[in-house]
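Inspection log for the structure reproduced underneath, given as C-alpha cells.
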Amino acid sequence: QVQLVESGGGLVQPGGSLRLSCAASGSIRSIDAMAWYRQVPGKQRELVATITNGGSTNYADSVKGRFTISRDNAKNTVYLQMSSLNAEDTAVYYCHCNAARRGAWRYTDYWGQGTQVTVSS
C-alpha cells in the first residue's frame, strides 16, 4: 500500500504565505504525476496544481502566479508554496499521486487525508 501524509496547513492572514508538504511512503516502485486538489464544503474537489515526475507543471487559473508546486523525487515528496493568499483559497487541500507498488506494473491513484487551510484576519 501507498500512504500520503500532508502537513503545513493552518490559519493565515490574507496576503500571507503557507507551504504544504506531502510525503508518500510504503511499498513504492514508481510515482508518476503528483498533484494538489482542494475542496470546500458543498463544492466539488478541484485541481489546484500538478507536476510530472519530469518536473512539468500545470496550474488552475485561480492560482497561477501565486502558487508553486514542486517535488523531491528522492524523498517521494511534493510541495505547494502558496502566497498572496485570500479568503477564496480557504479549503481542505488534498495531495494526490499516481503510483505503482513494488512488484506491480499498474499505476493506481492515491489520496492523502487532507489538511485545512484557512485564510482569515
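For the chain, the share of accessible area belonging to carbon and sulfur comes to 46 percent (1.4 Å probe, ligands and nucleic acids excluded). A simple packing score, the average count of other Cβ atoms within 10 Å per residue, orders the peptides 82-94, 64-76 as 82-94, 64-76, with the highest score first. In a shell of Cβ-Cβ distance under 13 Å around R45, excluding R45 itself, what net charge do Lys and Arg (+1) and Asp and Glu (-1) give? With Lys, Arg at +1 and Asp, Glu at -1, the net is 0.
Using C-alpha pairs below 8 Å separated by at least 6 residues, the relative contact order for the chain is 37 percent. Excluding ligands, DNA and RNA, the accessible surface per residue across the stretch 6-53 is 51 Å² with a 1.4 Å probe. Between the beta carbons of N86 and Q39, assuming R0 = 25 Å, the FRET efficiency works out to 0.90 to the nearest 0.05.
For the pair S17 and E46, the difference between a 0.36 nm per residue extended length and the Cα-Cα distance amounts to 8.4 nm.
The values are calculated or read from the model by the stated rules, or taken from the named source; none is laboratory data. The structure displayed is predicted, hence computed values, not measured ones. Ideal geometry is used to build each Cβ from the backbone, glycine not excepted, and the neighbour counts take in all protein chains shown. When the accessible area is computed, the model is the full protein with side chains, heavy atoms only, and any ligands, DNA or RNA have been set aside. Shrake-Rupley method; radii C 1.70, N 1.55, O 1.52, S 1.80 Å.
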